[in-house]
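Nothing in this text is a laboratory measurement; each read-out follows from the coordinates by a stated rule. What you see is a predicted model, and the numbers here were worked out from it, not measured in a lab. Note that each Cβ is placed from the backbone with ideal geometry, even for glycine, and that neighbours are counted across all protein chains shown.
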Amino acid sequence: MSLELNLRFPTPEHVIVRLIEDDDHDESEPLPFRGPLAAPDQQDLHWYLEVYAAQYAADVDDDRAQRIAAKLPGWGAALLAAVLGDDVKARRLFDRFLDRREPGRLLTAAGQYADAAYSGDHFRHDRHHRHRPAGDEPIRLYRQR
């Protein structure tokens, strides 16, 4: 059984939340999206995910990485709120994704504008914005272009 939560960004101002279960799927209408991170925070997040993560064994700025890592939970909660907003259906789809504890859950962010919300950390928080327990089945995160 496969389970995927797909966030598709057809424009920089819209997101569609789609839950795919085996051969079935359900999705929200296009929802308004406004990225909550300021430009310097977006740059730090990009550096952390794309540069630091790829060059961790090289000569990199570990102090900067630690400062950024400390901000991830707050950024994640803000991004989660921006993606789901107050939309009942989007939140229901997200809750169904979190409630299933099966191995192999997959989270994808797709579309030309997916960089606006790509930060795996915000999906490690549950619907009550509490950090997911360490023992939970991991969620694989992918960005699709």
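Odds and ends about this structure:
- Whole-Hz Karplus values for the stretch 38-51 come out as 5, 3, x, 5, 4, 5, 4, 5, 4, 4, 5, 7, 9, 9 Hz, taken residue by residue from phi with 6.51 cos²θ - 1.76 cosθ + 1.60 and θ = phi - 60°; glycine and proline positions read x.
- Multiplying the residue separation of Asp61 and Asp22 by 0.36 nm and subtracting their alpha-carbon distance yields 9.8 nm.
- Length released on extending from Ala78 to Arg101, taking residue separation times 0.36 nm less the Cα-Cα span: 5.9 nm
- At most 13 other Cβ within 10 Å, DSSP loop - chymotrypsin sites (Phe, Trp or Tyr not before Pro), the stretch 1-70: Tyr56
- Peptides 62-70, 74-82 ordered by average Cβ neighbours within 10 Å, highest first: 74-82, 62-70
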